[in-house]
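The values are calculated or read from the model by the stated rules, or taken from the named source; none is laboratory data. Everything quoted here is computed from the prediction, not taken from an experiment. Note: ideal-geometry Cβ built from the backbone for every residue, glycine included; neighbour counts use all protein chains shown. The protein model used for the area step is the full one, side chains on, heavy atoms only, and it has no ligands, DNA or RNA in it. Shrake-Rupley method; radii C 1.70, N 1.55, O 1.52, S 1.80 Å.
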Amino acid sequence: MDQAAVVDPILDLARPSVLRNPYPAYARLRENSPVFWHELLGSWVLTRHADCLSVLTDSARFASDWRRAGEDIPAPLLSVQTLDPPEHTAIRHLLLDGFRAQDRQALYDAMERQARELLAELARRPSFDVVGELAEPLALRFVTTFLGVPAPDLAWFVPMSRTVVDGMDAGLWPEKHEPAVAARAELADYAGGWLAGPPKGGLIGYVAEHAEGSGVDPSVLRNSLRVVLHAGYESASRLLGNAVAALLTSPGALAAFRASPATAVDELIRYDAPVQADARVCVTDTELGGVTVRAGDPVTLLLGAANHDPLRFTRPSELRLDRAPNPHLGFGRGAHACLGASMAIRLTGSVLTTLATDHPDARPVAEPEHRRNLTLRGLDRFEITVRPRARGRRN
């Protein structure tokens, strides 16, 4: 029997060779089985842009809150990410009001200074790791400054955060579930401590002051602050790492970035987004892509596949930094669209602009190494140098 014929199409995405570039595998799924049932996940899997967008924007028929399908969801998992309207509306409005109340321009200015200083320091080395020495510390500093709290120790926070991310793939690897639950609880306790003695400024200061009378359950608020910390950090750090890798492994892309930075970041998100998959549960029988999805059926959205759908994007396998319009699904859509998307985009744009302007000779020293994650895509390590190439001596 042909071994390729029995390979599981989802588990195959974790093979190192496919993990480096999953998009050809996504293309085969879109062409052969755009909507299919996956036994191990116990879920319908969607690969086309139109189908994924339909689910993301239809919270009446596809729920983020699995209690609407009869599931028993533990209280520690109820947050702005997992509630649906009307419960979701109160916590989302409180957080959005807190976002809008911040002096974001001052935050961006400070972030740009920090990025320039850190890159200048790293440039003195022969090479450095984009992930551990640039993306992760900058993202954590950025999100905690916005929250108005001190940044935790990277050596404690990064492994904790990665354990939570690993748990997002527990449908494939069940052994990742319990460690992720414990890590999530520890992060929630840490975030909840901010409310006991809140700072005067930042998002934490705002929500602490306005929580009373908001209609938000204290445990939901605590869990949601953990989500803002964790999701903000992971989205920003993984986006930045993926974007640098795409620019430095595509000939001429770093120089081209300077010509169209506004559209370039959106294209980098579409091209290799951190969020590769999302999930909903059907609450009303619905026809989707020619298949009847029954109430209670889970639905997995392969957003990475949707972002490379040729029915929506011309020549999707190409990195086209001037692509416009660019209706990618990299930060979701609908009621659960990423709260901090604009901040992650601004951070990435600032760092990449500094890299392209101040360090145009940046190039890889080694191939990017990817984390074995399918839901959130990101690098484990990517060694680069920003020093000019040595010139040969003239005779």
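How many residues does the range 170-213 hold that are open to solvent by 30 Å² or more (accessible area, probe 1.4 Å) and either touching a Leu at 6+ places or on another chain (Cβ under 7 Å) or among the basic types (Lys, Arg) (or both)?
Taking the range 170-213 first, the residues open to solvent by 30 Å² or more (accessible area, probe 1.4 Å) are 171, 174-179, 181-182, 184-186, 189-190, 193, 195-201, 206, 208-210, 212-213.
Adding the requirement that they be either touching a Leu at 6+ places or on another chain (Cβ under 7 Å) or among the basic types (Lys, Arg) (or both) leaves 171, 176, 184, 200, 208, 210.
Matching residues across the range 170-213 total 6.
If I filter the range 255-271 down to residues being at pLDDT 95 or above and in contact with a helix residue (DSSP H, G or I) (Cβ under 7 Å, 6 or more places away or on another chain), which single residue comes out as most open to solvent (accessible area, probe 1.4 Å)? Per the criteria, the residue is 271. Picking from residues in the range 122-156 that are in contact (Cβ under 8 Å) with a residue 60 or more places away in the chain and aromatic (Phe, Trp, Tyr), the one that is surrounded by the most Cβ atoms within 10 Å (Cβ to Cβ) is 142.
Filter the range 272-295 down to residues that are in a strand (DSSP E or B) and either touching a His at 6+ places or on another chain (Cβ under 6 Å) or not aliphatic (A, V, I, L, M) (or both) and give me whichever is surrounded by the fewest Cβ atoms within 10 Å (Cβ to Cβ). Of everything passing the filter in the range 272-295, 287 is surrounded by the fewest Cβ atoms within 10 Å (Cβ to Cβ).
When the range 8-45 is filtered for residues that are under 20 Å from the mean Cα position of the chain (by Cα), closer than 22 Å to residue 242 by Cβ and not in a helix (DSSP H, G or I), the ones remaining, listed by number, are 10, 21, 22.
Out of 41, 118, one residue alone is open to solvent by 20 Å² or more (accessible area, probe 1.4 Å), at pLDDT 95 or above, closer than 30 Å to residue 133 by Cα and aliphatic (A, V, I, L, M). It is 118. Only one of the numbered conditions (1) within 19 Å of the chain's Cα centre (by Cα); (2) more than 25 Å from residue 143 (Cα to Cα) is not met by residue 350, and that is (2). Residues of the range 314-340 that are touching a residue at least 12 places away in the same chain (Cβ under 8 Å) and on the phi > 0 side of the Ramachandran plot: 332, 334.
When the range 360-374 is limited to residues that are open to solvent by 80 Å² or more (accessible area, probe 1.4 Å) and not acidic (Asp, Glu), the one that is farthest from residue 11 (Cα to Cα) turns out to be 365. Would you pick out the residues in the range 256-278 that are in contact (Cβ under 8 Å) with a residue 60 or more places away in the chain and within 17 Å of residue 26 (Cβ to Cβ)? 269, 270, 272, 273, 274, 275, 276, 277, 278, listed by residue number.
For the condition in contact with a helix residue (DSSP H, G or I) (Cβ under 8 Å, 6 or more places away or on another chain), among the basic types (Lys, Arg) and modelled with pLDDT under 95, what is the one hit in 184, 238?
Testing whether each residue is in contact with a helix residue (DSSP H, G or I) (Cβ under 8 Å, 6 or more places away or on another chain), among the basic types (Lys, Arg) and modelled with pLDDT under 95 leaves just 184.
A quick yes/no check of all residues on (1) within 20 Å of residue 307 (Cβ to Cβ); (2) surrounded by fewer than 19 Cβ atoms within 10 Å (Cβ to Cβ); (3) hydrophobic (A, V, I, L, M, F, W, C); (4) modelled with pLDDT under 95:
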{"site": "45", "(1), (2), (3), (4)": "yes, no, yes, no"}
{"site": "55", "(1), (2), (3), (4)": "yes, no, yes, no"}
{"site": "61", "(1), (2), (3), (4)": "no, yes, no, no"}
{"site": "72", "(1), (2), (3), (4)": "no, yes, no, yes"}
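Within the option set 320, 394, being among the basic types (Lys, Arg), assigned to a loop (DSSP other than H, G, I, E, B) and modelled with pLDDT under 95 holds for one residue only, 394.
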